[in-house]
1. Ranked by accessible surface with a 1.4 Å probe, highest first, in what order do PHE74, PHE17 come?
2. Give, in nm to one decimal, the length gained when the segment between LEU87 and ILE64 is fully stretched (0.36 nm per residue of separation minus the Cα-Cα distance).
3. Looking at the stretch 1-87, which GluC sites (Glu not before Pro) are in a loop (DSSP not H, G, I, E or B) and have at most 10 other Cβ atoms within 10 Å?
4. When Lys and Arg each count +1 and Asp and Glu each count -1, what net charge do the other residues less than 11 Å away from THR26, Cβ to Cβ, add up to?
5. Net charge near SER60, counting Lys/Arg +1 and Asp/Glu -1 over other residues with Cβ under 11 Å of its Cβ?
6. Fully extended, how many nm does the chain gain between ASP25 and VAL57 (0.36 nm per residue separation, minus their Cα-Cα distance)?
7. Select from ASP31, ASP58, ASP71 the residue whose mean-square fluctuation is largest in a Gaussian network model of the chain (Cα-Cα springs shorter than 10 Å).
Amino acid sequence: WSSDVCSSDLDGTIFTFNLVLNKGDTLSGGDMLFMDNGQIIELENRDNCMVVFPSWVDHSISPIKSKDNKDVPFLEQRFSIQYWVRLNEQK
């Protein structure tokens, strides 16, 4: 579990955008997990979706595995592109 800000940067990064790109159904797992007041909120991994959340929220993902325990071709792997929105200029 981690957040996308450190304690000295609380006035900076405020939102995390996470674009998840999947192709095919060769993988399982990769669900996004968020911690809210001691409870885990789970968002099921879906093909080609974007999740936006406050950067200070603790989050992680569930393990990603191939469904048949074999190597997955490069183009059928899971890709995650992240972008952070800040209130002030990048330091």
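1. Details: PHE74 135, PHE17 60 Å².
Per-residue accessible area, sorted high to low, gives PHE74, PHE17.
2. Working: separation 23, 0.36 × 23 = 8.28 nm, distance 3.31 nm.
My answer for the length gained is 5.0 nm.
3. Values: sites: GLU42, GLU44, GLU76; in loops: GLU44.
For GluC sites (Glu not before Pro) across the stretch 1-87 that sit outside H, G, I, E and B with at most 10 neighbouring Cβ atoms in 10 Å, the list reads GLU44.
4. Values: positive: LYS23, LYS65, LYS67, LYS70, ARG78; negative: ASP25, ASP68, ASP71, GLU76.
My count for the surroundings of THR26 gives +1.
5. Numbers: positive: none; negative: ASP31, GLU42, ASP58.
Net of charged neighbours comes to -3.
6. Working: separation 32, 0.36 × 32 = 11.52 nm, distance 2.90 nm.
Length gained between ASP25 and VAL57: 8.6 nm.
7. Largest GNM mean-square fluctuation: ASP71.
The values are calculated or read from the model by the stated rules, or taken from the named source; none is laboratory data. These numbers come from a predicted model, not from an experiment. Neighbour counts run over all protein chains shown; Cβ positions are idealised from the backbone, glycine included. Heads up: the accessible areas ignore ligands, DNA and RNA and are worked out on the full protein's heavy atoms, side chains in. Shrake-Rupley method; radii C 1.70, N 1.55, O 1.52, S 1.80 Å.
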